[in-house]
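The values are calculated or read from the model by the stated rules, or taken from the named source; none is laboratory data. Note that the coordinates shown come from a computational prediction; the quantities given were computed from them, not determined experimentally. Every residue, glycine among them, receives a Cβ derived from its backbone with ideal geometry; neighbour counts consider all protein chains shown. The area values use the complete protein model at the heavy-atom level, side chains included, leaving out ligands, DNA and RNA. Shrake-Rupley method; radii C 1.70, N 1.55, O 1.52, S 1.80 Å.
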Amino acid sequence: MSEDRRGTATPRPGPSLAAAIDALAGVETLEVYGRVTAIRGLLVEVAGPIAAMRLGGRIDIAVGSTGAAAVPCEIIGFQGDRALAMPFGSLDGVRRGCPAYVREDTAGAIRPTPAWLGRTVDALGRPIDGLGPLPQGPVAYPLRADPPPAHARRRVGPPLDLGVRCINTFLTMCQGQRMGIFAGSGVGKSVLLSMLARYTTADAAVIGLVGERGREVQEFLQEDLGPAGLARSVVVVATSDEPVLMRRNAAYLALTLSEYFRDQGAQVLCMIDSITRFAMAQRDIGLAGGEPPTAKGYTPTVFSELPRLLERAGPGTGDGSISGLFTVLVEGDDHNEPVADAVRGILDGHIVMERRIAERGRYPAINVLRSVSRTMPRACDPAFLPTMRRARALLATYADMEELIRLGAYRAGSSPEVDEAVALMPDLEAFLGQSKEEATSIGEGYARLATIVGTG
């Protein structure tokens, strides 16, 4: 016994107590596990202590007699006394009776740092670029976070220079705004995203490639994005051959990384290609879990998860904000299909890319008249509003008479407005087109447009 400063006696551990503490330190921790009872396609049924499992939780299915290999899975639902899980990897080697160990939700959070810029990771935040391990930060960010409360968010900020003059002038985007890029396959979405990542004035860019073709990943990183664009970006990749959970998690991870940089006070440009593949992955998960299909087979959780994902972008509660550009792959060029219709109602504007414009050889193939930014005209400098409105009027006049002009049915001199639109259309088409090696600031774009339409 000894006395402390107040004179009271404090016990000291004796030899027997110290030995007991040492013995407890060597005791193995308790592992909770169930057993695989059935496999139906990609759905795994697990029996056992389901009270220890939770929706969205992780389990590891031991493979082989030694259990050295494990297949990570996520709990997506429950049915009776069984837990329903889907894998993050291949189910090769899994058999009935394999133990399924309940894990802490370590796979559901990441610990990013600024050193992640310039790196390429998979949907679980693991490096796949061969540049070594990623440094881990002190704060864990969950992959499935809630959006900031609406009453605490700031309003959108000043105009964001994206370097693409068609968007800068006609569809000016603000810091914290969310825009959709609606297009069919093969009309230049990936090239447009790479231009935005290279030329934006945002502090950092996060690019999520969801369900991308494996062949095109290196082309996008090395040729489209380039070293300069990659240096200020984090690229999240989940190719089309990966399990549906990986494709869904790639979108979650892209928003989580964006939230990290936003919390550091940065202006972040978050781009995901494509939201449609995220919706398809969520549909597959819902159907496997027993959800009823609705419009075009999409399950109800698809339309509940889309706003939860997209609302995470936007202004934060501090100085930073997330400006979002999300591509939507419209099936059969149908811009009214369910996912496109739902996303269009959530976002703050949409950019429509059309195949017929791409077939004419004009890139980016943006239809200005069908596109809209909901922050216009507040985002535009009032001095340039007359220029933008006059240019839109000329494009609309030409579009109304385009078929007659191409058929030769329109006679010059019949309408001064149409004659002017025909005369200026080559210059306007050249203005709307832009090579991927070219960048144009907002001011330069408006000055050039004013010269074309005669307001400068």
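List of remarks:
- For region 341-356, residues that are buried (at least 21 other Cβ atoms within 10 Å of the Cβ) and either in a helix (DSSP H, G or I) or out of contact with any Lys or Arg (no Cβ under 8 Å at 6 or more places or on another chain) (or both) total 2.
- Residue in region 243-254 that is surrounded by fewer than 18 Cβ atoms within 10 Å (Cβ to Cβ), closer than 28 Å to residue 74 by Cα and assigned by the TED database to the domain that holds residue 149 present: no
- Test: residue in region 271-282 that is in contact with a helix residue (DSSP H, G or I) (Cβ under 8 Å, 6 or more places away or on another chain), among the aliphatic types (A, V, I, L, M) and over 27 Å from residue 191 (Cβ atoms): no
- Residue within region 293-313 that is within 19 Å of residue 114 (Cα to Cα), charged (D, E, K, R) and open to solvent by 30 Å² or more (accessible area, probe 1.4 Å) present: no
- Residue in region 226-235 that is out of contact with any Pro (no Cβ under 6 Å at 6 or more places or on another chain) and at pLDDT 95 or above present: yes
- The sole residue among 258, 185, 190 that is over 16 Å from residue 126 (Cβ atoms), within 17 Å of the chain's Cα centre (by Cα) and at pLDDT below 95 is 190.
- Among the residues of region 428-450, those identified as open to solvent by 50 Å² or more (accessible area, probe 1.4 Å) and either in a loop (DSSP other than H, G, I, E, B) or not assigned by the TED database to the domain that holds residue 387 (or both) are 435, 436, 437, 438, 439.
- Residues of region 31-64 that are assigned to a strand (DSSP E or B), of a type in the set (A, V, I, L, M) and surrounded by 13 or more Cβ atoms within 10 Å (Cβ to Cβ): 36, 39, 43, 44, 46, 47, 59, 61, 62, 63.
- Hey, residue 328 outside any loop (DSSP other than H, G, I, E, B), buried (at least 21 other Cβ atoms within 10 Å of the Cβ), in the same structural domain as residue 191 (by the TED database) and touching a residue at least 60 places away in the same chain (Cβ under 8 Å) or not: yes
- Those residues of region 225-242 which are among the hydroxyl-bearing types (Ser, Thr, Tyr) and either open to solvent by 10 Å² or more (accessible area, probe 1.4 Å) or more than 19 Å from residue 117 (Cβ to Cβ) (or both), in sequence order: 239, 240
Conditions (1) assigned to a helix (DSSP H, G or I); (2) surrounded by 13 or more Cβ atoms within 10 Å (Cβ to Cβ); (3) touching a residue at least 24 places away in the same chain (Cβ under 8 Å), marked per residue:
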site	(1), (2), (3)
376	no, yes, yes
387	yes, yes, yes
390	yes, yes, yes
395	yes, yes, yes
404	yes, yes, no
418	yes, yes, no
421	yes, yes, yes
426	yes, no, no
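- Filter result for residue 221 (touching a residue at least 12 places away in the same chain (Cβ under 8 Å) and surrounded by 24 or more Cβ atoms within 10 Å (Cβ to Cβ)): no
- Flag for residue 211 being at pLDDT 90 or above, outside any helix (DSSP H, G or I) and surrounded by fewer than 18 Cβ atoms within 10 Å (Cβ to Cβ): no
- One residue alone among 309, 325, 329, 395 is modelled with pLDDT of 95 or more and closer than 14 Å to residue 181 by Cβ, and that residue is 325.
- Candidates 158, 149, filtered to the one that is in the same structural domain as residue 265 (by the TED database), at pLDDT below 95 and farther than 26 Å from residue 392 by Cβ: 149
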